[in-house]
Amino acid sequence: MARRKTSFRAIPASKRPTKVAIYIRVSTVRQADRDSIPMQRKDLIAYCQLILGTDNYEIFEDAGYSGKNTARPAFQYMMEKIRKGEFTHILVWKIDRISRNILDFAKMYEELKLLQVIFVSKNEQFDTSTAIGQAILKIILVFAELERMITSERVTATMISRASNGQWNGGRVPFGYSYDSSTSQFSIREDEAVVCRKLKDLYLDNKSLVYTARALNADGYKTRAGVDWTPTAVWIIASSPFYAGIYRYNRYKGTENRTLNPEETWVMVPNHHPAIFTMEEHAAMLASLKTNSTYVDNPVGRPHTTDNIHIFQGIAYCGKCGNKMVSTPGRKHADGYRPSNYSCPLHRKSNKCDNATVNDMVVGEFVINYILNMLNAKKTFSKINTPEELQKRLLTGSTFSDISSIDENGLNEFFNLLSRYGSDNSYVFAIKKPRKKKATVNPEIAALRKEKEKQERALQRLQSLYLYSDESMSEKDYIIKKNEISDYLKSINAQLGLMNQEPDSVLSDEEFIKQASHLLIQKELKDRKYIYYKNLATSVDSEILRTYMETILDSVYVTDGHVSSIVFKNGLTHKFIYEN
């Protein structure tokens with residue numbers, strides 16, 4: 001099992017001050033769970049004090065989340081803090097509070113061992129600091145893994161047998177075909193087959209996946225999903241024997257992180273269904289693909305993949321057309337560092353957008369130093385009296401030398417935000433009055449942000465009322481009201497320019513200040529005036545750096561090789577006005 005990389009050098013729990021992460025999860029599907037959180041909290045705090053002998057704990061609660069996987073906000077936040085070395089123990093009511101999926105639990109446990117964090121389950125008396133606790137847990141995990149492997153082998157054998165008999169094992173019906181489940185037969189879908197033949201002719205003529213995709217898009221052809229063609233979509237059709245009437249099965253091992261099985265184990269059934277391409281045409285396209293430099297090391301497998309982690313993937317957007325930018329590996333440097341390139345998909349597919357490709361040494365250098373300047377401005381805010389003085393602090397450094405100003409709405413919003421939350425690092429947010437005169441913000445934006453904060457508070461009160469109030473509130477009423485507030489919040493977030501509009505993923509202003517200051521890479525940024533992104537990217541685990549960016553950034557817009565605006569997770573938007 002691959003272990004998650006981490007830059008935290010584990011110190012044995014026995015040599016660290018004891019601090020316990022108490023994790024509580026209930027599902028609101030069962031009405032009995034209304035009393036479960038207070039009960040779990042009370043018992044686990046008592047266990048922490050009496051058995052583990054400490055009052056140093058932090059509670060993480062996920063209310064209304066299933067245990068079928070670990071995609072829960074409080075759990076993920078707890079794990080982030082554990083990876084930073086903040087806890088020595090995890091304490092839960094029962095193992096299934098972490099996950100009902102034993103494989104998810106095993107993966108988490110492997111990471112805890114790597115970080116040398118002790119796992120304790122109160123009801124099952126699992127304490128992995130003891131030999132018996134570790135032994136029992138390992139026995140359970142061994143049998144769970146054995147059961148999974150046996151089941152997997154049985155399923156695989158059955159599916160291979162079906163495929164050998166010409167039976168389709170399901171999946172997405174290939175473009176160009178229809179499938180009749182009543183007769184278990186494929187037939188050619190002529191409106192899509194026309195596009196397949198056009199694709200084949202284009203590729204055999206020019207031998208270029210990129211050119212073929214652009215030509216199809218220029219002629220107005222779309223995929224079944226109604227989107228433009230990409231080189232990868234072209235590759236799938238050009239390389240697949242399905243279009244020559246051959247059903248191929250068992251090519252890959254597993255469904256995630258797939259690897260190729262030996263070719264002699266593949267199931268190949270010729271004349272399985274009507275063909276769109278002749279065998280000669282299929283062979284000619286395969287021969288061209290094998291000589292294509294992008295696919296030379298992977299001639300019959302899946303499209304070219306990379307182990308690179310693109311720090312701004314899903315965050316970088318085209319500043320001209322608004323599309324999410326495509327991430328690809330850049331050229332490797334002499335020292336082994338490989339940056340990521342970000343380009344507009346419309347430019348790659350059809351040249352409809354002329355925005356230039358940019359790499360993360362440009363984007364990263366800008367973003368990390370802007371965040372650094374924000375943190376330094378927060379520390380010294382007592383000496384900053386006007387938005388103009390704040391702007392000067394934010395644009396400190398050679399990276400920002402060609403920026404003339406920051407759009408005043410975003411600048412003034414940040415000035416007011418710092419006024420509300422002070423300049424120290426104690427995270428005390430009890431200041432009722434701004435220490436400085438408020439800066440003027442567009443009334444419409446100010447009203448939206450005020451309404452956003454109001455609805456966020458309403459959502460918190462609603463959940464507290466449902467879970468903890470003595471006055472009964474039905475689950476139906478709770479869900480209806482929660483959905484109303486959530487939908488309203490989505491519309492507000494959209495108007496504020498947030499691309500990720502889910503209310504649960506949008507930080508409040510208070511949390512934004514906390515998260516921005518809570519840098520796992522704080523050691524790298526502490527007392528620094530400037531950060532060289534390449535040095536940072538090579539000294540900090542790339543997964544951690546990407547997680548940090550995703551935590552506080554909603555989107556980064558890039559125009560002509562420059563960062564044109566940054567949207568933070570709390571809806572704060574900073575637009576940059578360049579001199580030229």
Peptides 570-577, 354-361 ordered by average Cβ neighbours within 10 Å, highest first:
570-577, 354-361
With DSSP loop assignment and no more than 10 other C-beta atoms within 10 Å, the GluC sites (Glu not before Pro) in the range 157-262 are Glu256
Order by neighbour count: Lys320, Lys352, fewest other Cβ atoms within 10 Å first, most last.
Lys352, Lys320
Net +/- balance of residues flanking Ile566 in space, Cβ distance below 14 Å, scoring K and R +1, D and E -1
-3
Nonlocal amide H pairs with Ile118, under 5 Å, H built at 1.01 Å:
His89, Ile90
Using the per-residue mean of other Cβ atoms lying within 10 Å as a proxy for protection, in what order, highest first, do the peptides 325-338, 398-411 fall?
398-411, 325-338
DSSP loop (so not H, G, I, E, B), at most 16 other Cβ within 10 Å: list which chymotrypsin sites (Phe, Trp or Tyr not before Pro) in the range 183-253 pass both filters.
Tyr221
Check which residues have an amide H placed less than 5 Å from Ser555's amide H, if you skip close sequence neighbours.
Val567
So what is the relative contact order of the range 177-291, in percent, for Cα pairs below 8 Å that sit 6 or more residues apart?
26 percent
What are the equivalent ellipsoid semi-axes of the range 177-291, built from the alpha-carbon gyration tensor (square roots of five times its eigenvalues), in whole angstrom, biggest first?
23, 19, 15
Residue-wise, which Karplus ³J(HN,Hα) couplings in Hz belong to the range 93-99, taking 6.51 cos²θ - 1.76 cosθ + 1.60, θ = phi - 60°, and x for glycine or proline?
6, 8, 4, 6, 5, 6, 6
What's the exposure ranking of Ile136, Ile384, going from fewest to most Cβ atoms within 10 Å?
Ile136, Ile384
What pairs from Lys253/Lys569; Lys222/Lys452; Lys253/Lys290 go past 31 Å between their alpha carbons?
Lys253/Lys569; Lys222/Lys452
Order of Met78, Met279 under a 10 Å beta carbon neighbour criterion, fewest first
Met279, Met78
Descending packing, highest mean Cβ count within 10 Å first, for 50-60, 372-382 is 372-382, 50-60
Can you give the FRET efficiency to the nearest 0.05 for Ser182 and Thr158, using r as the Cβ-Cβ distance and R₀ = 22 Å?
0.50
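Values in this text are rule-based calculations from the coordinates and carry no lab data. Only a predicted model underlies this, so the values are computations on that prediction, with no experimental measurement involved. Using ideal geometry, Cβ is built from the backbone for each residue, glycine included, and neighbour counts are taken over all protein chains shown.
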